[in-house]
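Throughout, read-outs are computed from the coordinates displayed, never taken from laboratory work. Keep in mind that this is a model prediction, so the values were computed, not measured. Here the Cβ positions follow ideal geometry from the backbone for every residue, glycine too, while neighbour counts run over all protein chains shown.
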Amino acid sequence: MLTYYVPNIKPHRLLRGTSLGRSDYSGVEPLMDALDETYTSWMRDLRLGKGRIIVPEVYLANTGRGRGSTWDPDREVYSGLGMMPPANGGPSMITISQFDIRVAEHKETARTLLAQILRGAGYSVQSFGEAGDGQAATATEIHSRERKSFVTRGKKLNYWTPALAWLAEALLSIDLAVFGTKVVAEKATIEWPDGVMPDPESLSRTLDMLNRAQSASLDTRVRMLHPDWDDTQVKAEVRRLRDELGLNLPDPAELDETYVPGDGDDD
């Protein structure tokens, strides 16, 4: 059977004790409905907030029998109108209708609902660019702020790692059995990158200061720059760097007893 089920996230909130996963949206659907209602109300405020002018019927221009009347707000000159003066003695009978647009209230409600939805889905608000102060942060600070997102990421990596390793072995087995390719079917080693990559410029400055202060070895600096490398890759890189810097000197035990430093160097 060449199938492998990878759950999205566990446990299932409705089917306890099963191996089935659940959606990230499971349990937050009412909050998403509330967010949709909030934006609908916000758009309704925008429609109601359009300025409207209410004028008496005598202010309207008759367009002809059966065609109704119109009001032109840009008209500058009017002919005399026979009408009763306003009851309150005011100078005009034009009424301006302008409702408030509750921007701050709707924005705060939407932001609160969005934060609850993200937390309910297993993520930190900062992962989606919300509630940030706009200042640069180190990788450690980002990990601290977005801990919930990294916990969810870690769970999903645990689900996918064995599946990908098994898939590589299964494909190699098929290649061997069906096509006769001389391959060794074995599970792959799955490695995942860090969720937050350090800033290259900041890391280079750190390595340069460590080098000038002579407080970290070449091996340590290479491991800081390439934390995903194994010992073999690190040793090979250190050897290349020492060759380029001229730091690899011959082993005295392997030198001929007649060897004199500088003798024959020009040859």
Rounded to one decimal in nm, the spacing of the 7 Å Cα→Cβ label points at THR18 and ARG205 is 5.3
List the pairs from LYS107/LYS156; LYS155/LYS187; LYS10/LYS148; LYS148/LYS235 whose alpha-carbon separation is above 25 Å, in the order I gave them. LYS107/LYS156; LYS148/LYS235
Each label sits 7 Å from Cα toward the beta-carbon; between TYR4 and ASN248 the label points are separated, in nm, by 3.9
